[in-house]
1. Here are the criteria: (1) on the phi > 0 side of the Ramachandran plot; (2) touching a Leu at 6+ places or on another chain (Cβ under 6 Å); (3) not β-branched (Val, Ile, Thr). Tell me which single one Ser29 does not satisfy.
2. Among (1) at pLDDT below 95; (2) assigned to a helix (DSSP H, G or I); (3) loosely packed, with under 13 Cβ neighbours inside 10 Å, which single condition is Met1 missing?
3. Taking the options Arg63, Arg24, Arg28, name whichever one is touching a Ser or Thr at 6+ places or on another chain (Cβ under 7 Å) and open to solvent by 60 Å² or more (accessible area, probe 1.4 Å).
4. Take the residues of the stretch 31-60 that are in a loop (DSSP other than H, G, I, E, B) and of a type in the set (A, V, I, L, M, F, W, C): which is surrounded by the fewest Cβ atoms within 10 Å (Cβ to Cβ)?
Amino acid sequence: MPDHDENSKEASLEYNVGRRIHERRLARSLTIEQLGNHVGLTKGQISKIENGQVSIPISTLSRIADALRT
């Protein structure tokens, strides 16, 4: 059974990555829909990523980073 602290770290990482994506998206004046269209994801998927509700593959993170020019 996974350690509680390990789950907290994972949730924290997902949350922190999502918040940074959210902040960068707003700084670039992009809507969720615009970012999603650029990287091939739905508004719902982008929203879940920004809220730290899902883990995303490195390939998806790379596409988002490219779109946000980070």
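1. (2)
2. All conditions pass for Met1, except number (2).
3. Working: Arg63 fails: touching a Ser or Thr at 6+ places or on another chain (Cβ under 7 Å); Arg28 fails: touching a Ser or Thr at 6+ places or on another chain (Cβ under 7 Å).
After applying the criteria, what remains is Arg24.
4. Taking the stretch 31-60 and keeping what is in a loop (DSSP other than H, G, I, E, B), we get 31, 40-42, 51-57.
Pick out the ones that are also of a type in the set (A, V, I, L, M, F, W, C) and you get 41, 54, 56.
Working: Leu41: 19, Val54: 13, Ile56: 18.
That would be Val54.
The values are calculated or read from the model by the stated rules, or taken from the named source; none is laboratory data. What you see is a predicted model, and the numbers here were worked out from it, not measured in a lab. Glycine also receives a Cβ, built like all others from the backbone with ideal geometry; neighbour counts cover every protein chain displayed. Ligands, DNA and RNA are stripped out before the accessible areas are found, and what is left, the full protein with its side chains, is counted by its heavy atoms. Shrake-Rupley method; radii C 1.70, N 1.55, O 1.52, S 1.80 Å.
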